[in-house]
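Beneath this line is the structure, given in structure tokens, with notes to follow.
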Amino acid sequence: MNRPKLQALSNEELAELFKQFSFKQADSEMRNDSRTYNRCFDRLKDISTELRQRGFDARRALVPLLDCPRDAGRLSDVAQCRYNAAWELLAVEPDRARATLKAIATSVTQYQMALARGTLERLDNGTFTPT
């Protein structure tokens, strides 16, 4: 999806698109499809950039994704969605985002668990500052 189309979407529509690309990203990681994974990463970055340009309130449209329901997809899809949302919300909703990362860090989804643990470690040692 190109940039002008993102600008035409509501915050809620962007959050739904963020969820869909997070699910696709998790699926591509499971299939070892780095090309699709990277394409999803780029799309997620574009969505995040659009929300950031709209301000903190717009970014809060991702808050419901911190509790992405398990019936929304496979466990890895849900964990990836929750991780991506938490990462994006660290500057806006730090306590909620950190709590989500801690929950993922002790989950059963190996890939997302590693991502969450790494993010928490970088937050704790000061090598990562959310913006």
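The values are calculated or read from the model by the stated rules, or taken from the named source; none is laboratory data. This is a predicted model, so every value here is computed, not measured. Cβ placement follows ideal geometry from the backbone for every residue including glycine, while neighbour counts extend to all protein chains displayed.
With respect to ASP95, determine if the residue is more than 14 Å from the chain's Cα centre (by Cα) and modelled with pLDDT of 95 or more.
Here the answer is yes, as ASP95 does meet what is asked.
Filter region 1-59 down to residues that are small (Gly, Ala, Ser), in contact with a Ser or Thr (Cβ under 8 Å, 6 or more places away or on another chain) and touching a residue at least 12 places away in the same chain (Cβ under 8 Å) and give me whichever is farthest from ARG74 (Cα to Cα). Give the steps one after another, and end with the answer.
Here is the first cut: in region 1-59, the ones small (Gly, Ala, Ser) are 8, 10, 15, 22, 26, 28, 34, 48, 55, 58.
Those still in the list that are in contact with a Ser or Thr (Cβ under 8 Å, 6 or more places away or on another chain) too: 26, 28, 34.
Next, only the ones that are touching a residue at least 12 places away in the same chain (Cβ under 8 Å) stay: 26, 28.
On the way: ALA26: 9, SER28: 13 Å.
Across region 1-59, the extreme among qualifying residues is SER28.
For ASP42, only one of the following conditions fails: (1) exposed (fewer than 15 other Cβ atoms within 10 Å of the Cβ); (2) more than 13 Å from the chain's Cα centre (by Cα); (3) under 18 Å from GLN20 (Cβ atoms); (4) at pLDDT 95 or above. What is its number?
Going through (1) exposed (fewer than 15 other Cβ atoms within 10 Å of the Cβ); (2) more than 13 Å from the chain's Cα centre (by Cα); (3) under 18 Å from GLN20 (Cβ atoms); (4) at pLDDT 95 or above one by one, ASP42 breaks only (2).
I need the full set of residues from region 44-63 which are of a type outside the set (Asp, Glu) and more than 12 Å from ASN84 (Cα to Cα), in order please. Before the answer, list the steps.
Within region 44-63, the first condition is being of a type outside the set (Asp, Glu), and the residues that meet it are 44-45, 47-49, 51-56, 58-63.
THR49, LEU51, ARG52, GLN53, ARG54, GLY55, PHE56, ALA58, ARG59, ARG60, ALA61 - these are the residues of region 44-63 that are of a type outside the set (Asp, Glu) and more than 12 Å from ASN84 (Cα to Cα).
Can you report the number of residues in region 49-64 which are of a type in the set (A, V, I, L, M, F, W, C), within 14 Å of LEU6 (Cβ to Cβ) and over 13 Å from the mean Cα position of the chain (by Cα)?
Of the residues in that region, 1 qualify.
Of these, LEU17, LEU6, LEU65, which one is surrounded by 17 or more Cβ atoms within 10 Å (Cβ to Cβ) and within 23 Å of GLU121 (Cα to Cα)?
Criteria check complete, one pass: LEU65.
Quickly run through region 77-118 and pick out the residues that are more than 16 Å from LEU65 (Cβ to Cβ) and surrounded by 15 or more Cβ atoms within 10 Å (Cβ to Cβ).
Within region 77-118, ALA105, MET113, ARG117 meet the criteria.
What is the one condition in (1) touching a helix residue (DSSP H, G or I) at 6+ places or on another chain (Cβ under 7 Å); (2) farther than 22 Å from PHE128 by Cβ that MET113 does not satisfy?
Failed condition: (2).
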